[in-house]
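The values are calculated or read from the model by the stated rules, or taken from the named source; none is laboratory data. Predicted, not measured: the structure shown is a model, and the values here were computed from it. Cβ coordinates were reconstructed from backbone atoms using ideal geometry, including for glycine residues, and neighbour counts include every protein chain displayed.
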Amino acid sequence: MPRVHKRFFTQLLVASGLLICGAGAISQQTVGPVVVTQAVAEQFALLRNDPRVQTALAAIEANEPETLAEQVRLTEIPAPPFQEQRRAQYYLQQMQRRGLPDAYIDTEGNVIGIRRGIGDGPLFVIAAHLDTVFPLDTDVSVEIRDGRYYAPGISDDGRGLTAVLTLIDALNASGINTVGDIMFVGNVGEEGPGDLRGVKALFRDFPQIDGFVSIDGSGVTRITNGGTGSRRFAVEFTGPGGHSFSAFGLVSATHALGRAIANIGDLQVPDQPRTTFTVGTVSGGTSVNSIAQDAMFELDLRSNDAAELAKLEAKVREVVQLAVDEENARWNSDGGTAKGQITVNFRLIGDRPTGTTSPDHSLVQVAALAFDAVGSPAQGLQTSSTDSNMPMSIGIPAITIGGGGSGGGAHSTEEWFDPTNAHLGPQLAFLLTLGLVGVQGVSAPQL
């Protein structure tokens, strides 16, 4: 980085609101919920005041109508979990049209494009997820009512996907060379049964990634630096089965299931760290006049703490086995097995790890500065279940942010997006990306 005259540098910091005097020295400051160090503040002030950056930020705002139009086009391509291929092909074309000719779709279905820096810098990933929660036959046509855009997936993650494309456009138009490499990703498998399969594959294939940001949904208010972990099971009960009248006295898979659900419902979990459970679906049996041979429920266990999640799982396994033992004892009072036994199997159907990126990390600090720079200071740090769970869990700094505007009705057919000030999302992503990878001749990478 070129040398900067001390007086000029101080003027930049004062103009950016980053100078804190203490015994005549530059120190640190609190920006929103984050304490920012002198070194990070200095570098961010330099890139923020670069004329090319200012021009790019203005262009992002001016081009928001086209960004919104692209958001509509993406939203109207269905992309249920494991059926993201059509949207992925379109997204690949958009990356290639934006100057990433080597962009490709990997073996998991992720769309990946890389913009190279000048070398010797970090590898930074900025991503949004391709999939939605909605079945393939859902009507995803966008309807405008009273200034809001309504469609399933319009915010989650139609906005995030579009913000990534707008970021590519802005970087290309700016003429800025970055120090580090930027990997743009439209990933599969963020929602429900997808179980983060896209980002799991990404970090399997690119262990050299230095930092990760996902853009998920709308808004410019939150920094998600914690990952809520979850363990999901299909809990399967099996017994002999038989006729409800002539075989009365046999053990029942559905009776064992009922006992197990009642036991789970009586469990106590801590408020902090937040820990939850729910039985989401129930199925089984053959007919109303049959003793059930098979029954199953799907179970969701969550916690912001890995140890608490493990404790909850162990307790659930214990009380479910107790329910099975009670059902077997009820109909086999002599302890024998002449009438058959109920058995239970826990089949893992989802495993999202917990994780945290420290508020002290430079990635979080740069994010706080970027929020402040676009005029929407971060309102707090939060923990949620996002694609960032995966890198956090293996020690790679990661956060999740919103893509601008505002929204509501997520995961419903009445999901909506309000484009008021939506340009702030891509502006935030632009400043955050440059802060992390560095600008040639201007600022050093902060990853």
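Side notes on the structure shown:
- Filtered residue count, region 146-171, keeping only those that are in a loop (DSSP other than H, G, I, E, B) and either closer than 13 Å to residue 64 by Cβ or in contact (Cβ under 8 Å) with a residue 24 or more places away in the chain (or both): 8
- Number of the exception - residue 174 against (1) small (Gly, Ala, Ser); (2) over 15 Å from the mean Cα position of the chain (by Cα); (3) at pLDDT below 95: (3)
- Selected residue (criterion: nearest to the chain's Cα centre (by Cα)) from residues of region 137-166 that are more than 20 Å from residue 94 (Cα to Cα) and basic (Lys, Arg): 148
- Selection count, region 284-338, where residues are surrounded by fewer than 17 Cβ atoms within 10 Å (Cβ to Cβ) and either among the basic types (Lys, Arg) or not assigned by TED's automatic domain parsing to the domain that holds residue 251 (or both): 3
One line per residue, one yes/no per condition, for (1) outside any strand (DSSP E or B); (2) at pLDDT below 95; (3) under 41 Å from the mean Cα position of the chain (by Cα):
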position: 282; (1), (2), (3): no, no, yes
position: 286; (1), (2), (3): yes, yes, yes
position: 295; (1), (2), (3): no, no, yes
position: 317; (1), (2), (3): yes, no, yes
position: 320; (1), (2), (3): yes, no, yes
position: 323; (1), (2), (3): yes, no, yes
position: 335; (1), (2), (3): yes, yes, no
position: 340; (1), (2), (3): yes, yes, no
position: 347; (1), (2), (3): no, no, yes
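- Across region 121-130, a minimum of one residue is classified as among the β-branched types (Val, Ile, Thr), buried (at least 18 other Cβ atoms within 10 Å of the Cβ) and either free of Cβ contacts under 8 Å to residues at least 40 places away in the same chain or at negative phi (or both).
- Looking at region 1-81, the helices (runs of 4 or more DSSP H) lying wholly inside it that each contain 1 or more residues that are modelled with pLDDT of 95 or more, of a type in the set (Asp, Glu) and farther than 24 Å from residue 378 by Cβ sit at 64-75.
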